[in-house]
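Each remark here refers to the structure printed beneath this line.
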Amino acid sequence: MRRVFIRFNNLLTRLRRRRISGDNLLLLVPHCLQDSLCTQEIRRDINHCRRCGQCDVAGLLKIRDRYGLLCNLAGGGGQALACARRPEVKAVVAVACERELTAGILAAFPRPVLAVPNMRPHGPCRDTAVDLARVERAVLSLLAPAAPSA
Ligand code: SF4
């Protein structure tokens, strides 16, 4: 049921064709993506990631930098919602489990949210992963095309 809701939300969000600049688009990353053996303090600041490639945080930071996005790592639903409600945020690409995504889409309304469910090969909330190509497609479908250079 949550999967159907998320697919429906993503379809509607794409149909709204809202196009915004990277500095208004928030990439929201769940803490459970961090490799459980990693000792970097990325909860405080995601920039503490050394980008070793051991987990998908490194790939998400590459996407952030490529498109100049806002990016936050959230330890839970409340923290994620506080990030999504910041005034500069006009739309969100969120990675999380289906339960968190469903709650987040409803709570963030009317801000558009494109939701990308994570993968959980080790069970919930630990060493999760995400399809980075899918995240990038979601980002591109919300980003305004770059202005042609003069
Ligand atoms: S990419 Fe490496 S340094 Fe960054 S969070 Fe993952 S394991 Fe830690």
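The values are calculated or read from the model by the stated rules, or taken from the named source; none is laboratory data. Every value quoted in this text rests on a predicted model; they were computed, and no experiment measured them. Ideal geometry is used to build each Cβ from the backbone, glycine not excepted, and the neighbour counts take in all protein chains shown. Ligands, DNA and RNA are stripped out before the accessible areas are found, and what is left, the full protein with its side chains, is counted by its heavy atoms. Shrake-Rupley method; radii C 1.70, N 1.55, O 1.52, S 1.80 Å.
Table for the structure above
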item: From the options Arg126, Arg51, Arg111, residue that is touching a residue at least 60 places away in the same chain (Cβ under 8 Å), open to solvent by 10 Å² or more (accessible area, probe 1.4 Å), charged (D, E, K, R) and in a loop (DSSP other than H, G, I, E, B); result: Arg126
item: Failed item in (1) within 15 Å of the ligand (Cβ to nearest atom); (2) open to solvent by less than 20 Å² (accessible area, probe 1.4 Å), with Val89 passing the rest; result: (1)
item: Odd one out for Cys97 among (1) open to solvent by less than 60 Å² (accessible area, probe 1.4 Å); (2) more than 16 Å from the ligand (Cβ to nearest atom); (3) touching a helix residue (DSSP H, G or I) at 6+ places or on another chain (Cβ under 7 Å); (4) not small (Gly, Ala, Ser); result: (3)
item: Residues (more than 7 Å from the ligand (Cβ to nearest atom) and either of a type in the set (Val, Ile, Thr) or surrounded by 14 or more Cβ atoms within 10 Å (Cβ to Cβ) (or both)) located in the stretch 29-47; result: Val29, Pro30, His31, Cys32, Leu33, Thr39, Ile46
item: Pair list, Cβ < 7 Å and 6+ apart or interchain, from the stretch 31-47 residues that are touching a residue at least 60 places away in the same chain (Cβ under 8 Å) to residues that are polar (S, T, N, Q) and near the ligand (Cβ under 9 Å from one of its atoms); result: Asp35/Gln54
item: Search result, residues across the stretch 113-133 that are under 9 Å from Val95 (Cβ atoms) and in contact with a Lys or Arg (Cβ under 8 Å, 6 or more places away or on another chain); result: Val116, Pro117, Thr128
item: Positions within the stretch 56-67 being touching a helix residue (DSSP H, G or I) at 6+ places or on another chain (Cβ under 6 Å) and within 7 Å of the ligand (Cβ to nearest atom), in sequence order; result: Val57
item: Unmet requirement for Leu11, which otherwise passes all of (1) touching a residue at least 40 places away in the same chain (Cβ under 8 Å); (2) closer than 18 Å to Val139 by Cα; result: (1)
item: Some residue of the stretch 68-83 being surrounded by fewer than 17 Cβ atoms within 10 Å (Cβ to Cβ), out of contact with any helix residue (DSSP H, G or I) (no Cβ under 6 Å at 6 or more places or on another chain) and either modelled with pLDDT of 95 or more or within 21 Å of Leu143 (Cβ to Cβ) (or both); result: no
item: Selection within the stretch 54-66 - open to solvent by 60 Å² or more (accessible area, probe 1.4 Å) and either under 24 Å from Ser21 (Cβ atoms) or part of a helix (DSSP H, G or I) (or both); result: Lys62, Asp65, Arg66
